[in-house]
1. Only strands (runs of 3 or more DSSP E) wholly contained in region 115-175 count here; list those with 3 or more residues that are within 16 Å of ligand 2 (Cβ to nearest atom).
2. For region 272-286, name all the residues that are in contact (Cβ under 8 Å) with a residue 40 or more places away in the chain, away from ligand 2 (no atom under 16 Å from the Cβ) and within 18 Å of Asp222 (Cβ to Cβ).
3. Residue by residue through region 263-281, note down the ones that are under 21 Å from the mean Cα position of the chain (by Cα) and part of a helix (DSSP H, G or I).
4. Among the residues of region 61-71, write down those that are surrounded by 15 or more Cβ atoms within 10 Å (Cβ to Cβ), out of contact with any Phe, Trp or Tyr (no Cβ under 6 Å at 6 or more places or on another chain) and closer than 16 Å to Glu8 by Cβ.
5. So in region 205-226, with the set limited to residues that are within 16 Å of ligand 2 (Cβ to nearest atom) and not in a helix (DSSP H, G or I), which one is surrounded by the most Cβ atoms within 10 Å (Cβ to Cβ)?
6. What's the number of the condition His231 fails, among (1) within 14 Å of ligand 2 (Cβ to nearest atom); (2) surrounded by 19 or more Cβ atoms within 10 Å (Cβ to Cβ); (3) in a loop (DSSP other than H, G, I, E, B)?
7. Please go through region 287-325 and pick out each residue that is of a type in the set (Lys, Arg) and either within 15 Å of ligand 1 (Cβ to nearest atom) or touching a residue at least 40 places away in the same chain (Cβ under 8 Å) (or both).
8. If only one of Ala351, Ala342 is hydrophobic (A, V, I, L, M, F, W, C), farther than 16 Å from Thr152 by Cβ and more than 16 Å from ligand 1 (Cβ to nearest atom), which one is it?
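The values are calculated or read from the model by the stated rules, or taken from the named source; none is laboratory data. Computed from a prediction, not measured in an experiment: that's the story for all the values here. Here the Cβ positions follow ideal geometry from the backbone for every residue, glycine too, while neighbour counts run over all protein chains shown.
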Amino acid sequence: MTEKEILEWLREVKHPGKGDQDIVSLGMVENIETQGSAVTVTLGFPKHRDPLTEYLVGSARAVLYRQTPYGTTIDVKTVVKEEAAPKKKNKVTDLTLEELGQVRHIIGIASGKGGVGKSTVAVNLAVALARLGYKVGLADADVYGPSVPLMTGTTGMMPEAEAEGDKEVILPVEKYGVKWMSIGYFASEGQALIWRGPMACNALKQMILQVRWGALDFLLIDMPPGTGDIHISLVQDIPMEGAVIVTTPQAVALADVEKGIDMFRNEQIHRKVFGLIENMAWFTPKELPDNKYFIFGKDGGVKMAERFGIPLLGQIPLVQGIRECGDAGEPSALGSGPDGVAFMELAGRLAQETEK
Ligand SMILES: Nc1ncnc2c1ncn2[C@@H]1O[C@H](COP(=O)(O)OP(=O)(O)OP(=O)(O)O)[C@@H](O)[C@H]1O
Ligand SMILES: [Mg+2]
């Protein structure tokens, strides 16, 4: 194994946040040492905290295991370039709950089902709670399909990092009176992030635990669809007080949503379910604002709330404006239309439930 060979192999490791350039071209390989059957590679990261650190280190390790002869000892280290200190910092395992110390309520916005409007509800609830005078943050926990940057018009913003003692914290993006954080800020636009399970979990924890949230009344966590390992690990590792479950009235959605509720009520996890939100409860066309069409069925969420004995926090209509505002990055909770009012009422109800 020569240094040159190793460098060639490392070209396979692409940085998804830098237009898929490889780590060699990006000048991130600081040092390669071979000694007998041991290889030590040191990757340099800029001072600015790169949330993909764990992912890149893992990928480099995987490539080296594949290319080197069986039995080779492989070590991939990281250095912060500016300081050139070979000190390992900010390993995910070192993350603590310190940054969440001044957060009063940490609430997951979840559903077993995809596409029911979790992100839409989470973003609008955050804005509405802020309008009610609460201090609010939102962490986008969907590392595969982050939607918060688009829905808040903050795509392309780059959160700053700041040294705090011997560690670094990421400063959230602020807009509409809310602190936002998403893995989307660290990847190029339109780029699909491909994570292996543990990497996704680590990136996610960094997105929540390494952020300077400061004093908050509410930290909402926009959960990805499903009830898999990533969810369970998230709920276990983050001191989430409870969840709000989003559903549509449709029977199919309701079956998946039951799984979502079970996930939080499960014995090992055991978190509160603050309430249910029925999204797309009916359709109202703009030109006929008094008409309600129950296209996904009527009151499915209401019945489910009754059955599970959880409060129904509200019903949100399906209106074109909600989708348009989401795509335009101006949440409808900012406005005074019927949809804006519905989100404000929802926020009031959630605040009431959590302060009980
Ligand atoms: N009440 C509503 N009225 C109109 N459009 C809506 C409404 N709720 C959500 N949408 C639209 O439906 C789509 C899916 O919503 P959203 O992304 O919030 O769902 P999700 O549950 O977060 O999805 P995923 O499971 O992929 O994370 C979006 O285009 C959104 O704008
Ligand atoms: Mg979503």
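1. Result: 136-140.
2. Answer for region 272-286, where residues must be in contact (Cβ under 8 Å) with a residue 40 or more places away in the chain, away from ligand 2 (no atom under 16 Å from the Cβ) and within 18 Å of Asp222 (Cβ to Cβ): Phe274, Gly275.
3. Those that are under 21 Å from the mean Cα position of the chain (by Cα) and part of a helix (DSSP H, G or I): Met263, Phe264.
4. Ala62, Leu64, Thr68
5. Met223
6. (3)
7. Within region 287-325, Lys292, Lys298, Arg323 qualify.
8. When all the criteria are applied, what remains is Ala351.
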